[in-house]
Every structure is written in C-alpha cells, then in structure tokens.
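Data block below; observations after.
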C-alpha cells in the first residue's frame, strides 16, 4: 500500500460518453474508487457506492469511479457498458475510463474495488477496502470507508487500521 500523505496524481479521463473529467480544486477531499462492470467484488458493493456517494456529497467530497481494465480481453468493461452499469446501479458519480491504464499505475491501484481518499490538500488520507464484507460473506455496509470519510471531515487523524483492498486484479494488458 502506498504511504499516507502521498500526493494525489493529477489526471483527466473521459467518462463512458467521452466527456472529460478532472478533480476540482477547493473541495474537502476527493474519493477515487477503481471499479469495473463485471467484478463480483464490485457488484457486491455496487449499492454501497450509492450510499458512499451521498455521504461524499454531504461532506463536500468529490467521488469518482475509474475503470482501468483491458477491454480487449474484457469487453464487458467497455465504455458503452460502463454507462449501462452506472445506470443499473444508480451511480451518479463520474465513472471514467482509463484506456492507457496509466492512471491506475500512477495511483498504484491493484484491484477492483480499490479505494483512495485524499484530503483537501490532495494528500492521501485513507486507502484500502470499503468494508470487511466479501461476496460470499455478508452484506456490504461500507463501514471502513464511512469511518474514514467522517474522520476526514471532522479533522481527526487518518484511521490507524487500514487494510489493503481485496477484489479482482485490474486486468492489465
């Protein structure tokens, strides 16, 4: 896992429709979640992401999903399918496509879902898992990430128990 306090990589990526998106300045923070359309771990937390996004809106934290999978080998993750997946899951946050996979490399993302929460100065505050649940082990509640979000906005130190994300490996070329 990369070190807390690491600066957020700068990036601009298109969403499924081709509209470009970049992190805004002057927010309380930015939540970047590496996801995809087909991973059972992402499907498991899909509805939790809706609740996390609502919390981010309340806290004035930007949230974005990034799909970095190789669509030649995994065509289900193609941008046109991203639009459909976002609609089916009720995702209102930008869902971006990292065609070159460079953004995933810059973040040191390893799997889907993989979470990176940055503070208002774009310094890494939390990274790792959304919660303790797994597709075969209980319902997702987003507890780990919710605690981190609340700690960030109340000015508390980063949570001390940060566990690496568990999911499907990013499908590299």
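When residue 62 is tested against (1) assigned to a strand (DSSP E or B); (2) in contact (Cβ under 8 Å) with a residue 40 or more places away in the chain, just one condition goes unmet, and that condition is (2). Here is the figure for the range 16-46: residues that are outside any loop (DSSP other than H, G, I, E, B), in contact with a strand residue (DSSP E or B) (Cβ under 8 Å, 6 or more places away or on another chain) and surrounded by fewer than 19 Cβ atoms within 10 Å (Cβ to Cβ) total 3.
Would you check if residue 69 is within 19 Å of residue 171 (Cα to Cα) and touching a helix residue (DSSP H, G or I) at 6+ places or on another chain (Cβ under 8 Å)? Against the criterion (within 19 Å of residue 171 (Cα to Cα) and touching a helix residue (DSSP H, G or I) at 6+ places or on another chain (Cβ under 8 Å)), residue 69 qualifies. The residue list 128, 65 contains one member that is within 23 Å of residue 6 (Cα to Cα) and at pLDDT below 95, which is 128.
The values are calculated or read from the model by the stated rules, or taken from the named source; none is laboratory data. Treat the numbers as computed from the prediction; the structure is a model and nothing was measured. Note that we place each Cβ from the backbone using ideal geometry, even for glycine, and neighbour counts take in every protein chain shown.
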